[in-house]
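The values are calculated or read from the model by the stated rules, or taken from the named source; none is laboratory data. These figures come from a predicted structure and were not determined experimentally. Don't worry about glycine lacking a Cβ; one is built from the backbone with ideal geometry, like all the others, and counts go over all protein chains shown.
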Amino acid sequence: MAPTSDHLENQPDEHVGDHAGRSEVPAVAEGFRSGFVAFLGRPNVGKSSLVNQLCGQKISIVSDKPQTTRHRIMGVINRPGVQLIFVDTPGLHKAVTALGERVNATALDSSQDVDVQCLVLDATKPFGGGDRWVAERLDMSKAVVIVNKTDIATRDEIMVMLAAAGALEAEAYFPVSARTGEGTQALVEYLSSRLPEGPMYFPLEEFSDLPEERWVAELVREQLLEVTRDELPYSIATEVVEWEGSRIRVDILVERDSQKGMVIGKGGLILKQVGERARAQLPRGTHLELRVKVDKNWQHRADRVTRLGY
């Protein structure tokens with residue numbers, strides 16, 4: 001179902017390099033390499049899609065809406081002699097709410113104490129002030145620049161972006177497509193070479209640090225982002241409030257009464273569509289119950305943002 005074995009445990013985000021206490025990790029041979037690679041950048045540059053592509057399965061939810069990712073999420077891949085832990089971070093942006101401030105802090109904190117920092121750029125967009133702002137917070141002399149979306153960018157757009165990013169004097173540059181996987185093999189090989197010798201932080205059967213209940217809540221939010229209006233996603237939060245056997249209840253939180261009707265839809269059509277799309281990605285026989293509640297101005301209230309796990 002979800003990318004973790006930590007069923008129904010609300011675990012706070014750990015320091016990215018601190019995995020003491022993880023059990024049953026196999027012993028590794030001398031010369032084994034392992035480490036953490038953080039992806040940072042503006043919203044909607046494709047960081048989550050890139051993590052999913054590299055891991056070969058869905059780790060983070062994706063959407064064409066900016067600021068989809070709100071948590072720091074790790075995806076793990078194992079190769080002979082190497083374990084890479086990719087750290088997917090929220091997009092860095094100009095925060096205007098308590099949620100936005102928390103999301104930015106999560107991204108910046110996640111860039112610390114990792115083995116490789118990667119600045120992800122969107123090849124279809126001009127290199128701008130937001131990209132420079134992120135770059136200024138990284139040690140670019142040791143960082144890797146990833147120019148994403150090469151599958152939809154023109155050759156000229158890719159070359160312009162690479163030329164602009166060249167001024168950052170990064171250690172390496174990789175044009176890739178998170179959608180098709182083009183260029184990602186070379187990227188993984190390079191990142192593997194950058195990792196130090198170290199332990200296996202995750203058992204072989206684990207491919208993320210995301211608890212199951214959060215993964216399900218995020219899955220519901222992903223479907224909401226796909227079917228609701230553009231102005232609504234930022235006001236939506238989701239949380240699993242009950243999980244018993246195959247029955248899961250998820251609360252969908254909105255900030256105003258008017259938004260409740262928008263999420264439910266005429267005759268409950270939108271909520272029904274969201275439930276069907278989410279169930280299709282859950283184990284057969286899962287009973288998923290969705291309930292919409294008003295939590296007034298939740299994203300502007302720091303205490304509520306904390307309670308929701310951000």
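So the values come out like this:
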item	result
Filter result (of a type outside the set (D, E, K, R) and surrounded by 18 or more Cβ atoms within 10 Å (Cβ to Cβ)) within region 293-307	W298, Q299, V305
Hits in region 153-209 - residues which are over 23 Å from M74 (Cβ atoms) and of a type in the set (S, T, Y)	T154, Y173, T180
Qualifying position, being surrounded by fewer than 17 Cβ atoms within 10 Å (Cβ to Cβ) and within 30 Å of L288 (Cβ to Cβ), among E226, E197	E226
Residue in region 45-60 that is at positive phi, at pLDDT below 70 and surrounded by fewer than 20 Cβ atoms within 10 Å (Cβ to Cβ) present	no
Some residue of region 167-176 being within 30 Å of A29 (Cβ to Cβ), of a type outside the set (V, I, T), surrounded by fewer than 14 Cβ atoms within 10 Å (Cβ to Cβ) and touching a strand residue (DSSP E or B) at 6+ places or on another chain (Cβ under 9 Å)	no
Any chance E189 is outside any helix (DSSP H, G or I), out of contact with any strand residue (DSSP E or B) (no Cβ under 8 Å at 6 or more places or on another chain) and either more than 21 Å from P43 (Cα to Cα) or in contact (Cβ under 8 Å) with a residue 40 or more places away in the chain (or both)	no
Strands (runs of 3 or more DSSP E) contained in region 201-302 and holding at least 2 residues among the acidic types (D, E), outside the structural domain of S49 (by TED's automatic domain parsing) and over 30 Å from F32 (Cα atoms)	237-244
Options W298, W215; residue that is of a type outside the set (S, T, Y) and out of contact with any strand residue (DSSP E or B) (no Cβ under 7 Å at 6 or more places or on another chain)	W215
